[in-house]
1. Near the amide H of Val396, under 5 Å away, which other amide H atoms are found, from residues 5 or more places off or on another chain, if H is placed in the peptide plane?
2. Work through the residues other than Trp591 whose Cβ is under 12 Å from its Cβ and net out their charges, Lys, Arg +1 and Asp, Glu -1.
3. Which semi-axis lengths, in whole Å and largest first, follow from the square roots of five times the eigenvalues of the Cα gyration tensor of region 57-146?
4. Heavy atoms only, 1.4 Å probe, whole protein assembly: order Glu569, Glu300 by accessible area, highest first.
5. How large, in percent, is the carbon and sulfur part of the accessible surface of the chain at a probe radius of 1.4 Å?
6. Give the dimensionless ratio obtained when the Cα radius of gyration of region 505-589 is divided by 2.2 N^0.38 Å.
7. Through the Karplus equation 6.51 cos²θ - 1.76 cosθ + 1.60, θ set to phi - 60°, convert the phi angles of region 429-439 into ³J(HN,Hα) values in whole Hz; use x for Gly and Pro.
8. Have a look at the DSSP beta bridges in the chain and tell me what percent are antiparallel, nearest 5.
Amino acid sequence: MSETDQSVASRRRFLKQAGAAALASISATRGSGLAHASHRNERGGELDAIVKNRAPLAQNAFYMLPLGAVRPTGWLLEQMKIQANGLSGHLDETWPDVGSNSGWLGGTGEDWERGPYFLDGLVPLAYLLDDARLKAKAQRFIDWTLTHPSPDGMIGPKGNDDWWPRMVMVKALAQYEEATGDPRVIPLLSRYFEYQLLSLSARPLRSWGKFRWQDNALVALWLYNRTGDPKLIELARLLHRQGYDWKAQFAHFQYTQRITRETIRLEEGKELGEIGLATHGVNNGQAIKTSPVWSIVSGEEDDRRAVQQQLAALDTYHGLPNGMFSCDEHLAGRNPSQGSELCTVVETMFSLEQSLGILGDPSLGDRLERIAFNALPGTFTDDMWAHQYNQQPNQVECGLHTKPWTTDGPESNLYGLEPNFGCCTANFHQGWPKFAASLWMASADDGLVAAAYAPCSVHTSLRETAIHLRQETEYPFRDTVRIAIDPSKPVQFPIRLRIPAWAEGTTIRVNGSLQPVPAPGSFAKLERTWKAGDVIEVRFPLVPRVIKRAFESISIERGPLVFSYPIKESWVKLRDRGMTADWQVFPASQWNYALSGNPEEIEPQERPVGPSPFSLKDAPVQLQVKARKLIGWRSLDGVAAEPPRSPVHSGEPDEKITLVPYAAAKLRITAFPQLSG
Ligand SMILES: [Zn+2]
């Protein structure tokens, strides 16, 4: 245990003990605090206790460790420091919507979703980095919300009574409670949810809140597991009854075509109607968790299975090679020139993290990594001071053209402060920190689970033993993951390791000796008495793969990384935007290549993983592939045409071109036509 680790652990222990003591004194003066006090007494003083589902809820396969138990190290720590030094760590200084006049600080400024969105990512970023500056920024918003509830229990600015922004704020408060044990959070959430239960019949869910009810239910169940108040299950049932039926949408999926303004009858200044909300990208990203979350209450196998039906429909009709579905900002078909909104990227990741925990389905972890290592970093500049609203797998220009978007405006794929609309500016912060927090989970049988892979350390306790675990790896750029286990005393428990579906030939060694490995697309379970100094070494063969995509195009993958041809970029500043700027990016080289697509001919080259792992300059892995120019494949108005149908003929000479990780190439081709034999 390093010095930092020790100080973090001891402070967490102190905060939890202080929290228990403070709550005990609150309970003495307020009768309604009894349930919370007993909850806190159960957990109080314990380091990193894992909270499981209470009866009558169904059990999860896995449980999230409390925020702060998993911390980034290695390249992931570097990446999150880049985020903290970029827009995330300074947004309130340069963007009035979350500045000191925010309605969520008692001001007269923006009082809807943007304050809570910012906090939902700032809280985990601050606590996972143990960054006092960021914690102080988050604390202002937290303290205002905790100290300004209405007498009836309502929280948030008085300027609106919309349930939706509060659905985000309660997620941020739950994370903050896990990280600090602040004794004010659980009583406030209890009173707010009681108020919501009483008020929903007169003021039912509508618009965004109706389509995002599952996020509200998720936190109500989080609270139920801590207080045991049966009214919280009643609330989850009411939210389900009033909320949109996502399961039915995907049982009979009708939105199989690219949505147009006409389909959703979009009219200027009018609110989106039902079809507009049902085909909205962010709503669909959030909805991926709906059936898993509801399955905890319903206990129905059918609900547990529904998530795969939903993902299959999105893949079949709207799937893109970067792991996302198209949503610019409505479902947009499979053309790799369609875009995906950044809010949808981070919300889909959060849904996958929660769903993986509830169901224990390893394919959700494969998908999570695919988005986290490709679509997420691909839509930011290297310094994370600018982002896009929409990213495209085949992105040949980021300019002010009439774009192929279903409903978005002409600035949608600029890199900037708030291209097109400011939701993503407020909401993107949760992507990396929640991913880091989800790398390891606890299993229902009191073991640990490697749910996704990236360098990190874990402090937790199970079977009355403190466990420290260090996961050292340069995955996804390298093939080996080394896990050093350090329990405070020898203790028997299972460790499950996710074996991705692509990872044929994976090897696992414990203290050097080979272990049996199950088929790819499952969890390997290692059950033994673990003792200090034990080491697990996993090797995932990173063999390049050629994947068939829409329009008979192909994409090249290696492990969870998707590879793209980097078009030479010419960055042109459009305008300064406070501490950052808006940028257009124009192509300075040709991009119209077709690939031979023979996996035998792909040559990987590894280079050191630098401090900015997704930067083009230091791309830690590159692939040499055989290609030919395809003269007839052009762009129109800054948008690459659909890939010509494969197999294609080209009389141009053979070339060897270099592909880089998707995220490194800000202008890129990812879906290529395939050359005929
Ligand atoms: Zn957005």
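1. Ala640, Arg668
2. +2
3. Taking √(5λ) for each eigenvalue gives 26, 19, 10 Å, largest first.
4. Output order, biggest surface exposure first: Glu300, Glu569.
5. Roughly 51 percent of what the probe reaches on the chain is carbon or sulfur.
6. Normalised Rg, Cα atoms only: 1.89.
7. 4, 6, x, 5, x, 6, 4, 4, 5, 9, 4
8. Values: 88 of 94 bridges.
Roughly 95 percent of the DSSP beta bridges within the chain come out antiparallel.
The values are calculated or read from the model by the stated rules, or taken from the named source; none is laboratory data. Not measured: the values here are computed from a predicted model. In this analysis, Cβ positions are derived from the backbone assuming ideal geometry, glycine residues included, and neighbour counts consider all displayed protein chains. The protein model used for the area step is the full one, side chains on, heavy atoms only, and it has no ligands, DNA or RNA in it. Shrake-Rupley method; radii C 1.70, N 1.55, O 1.52, S 1.80 Å.
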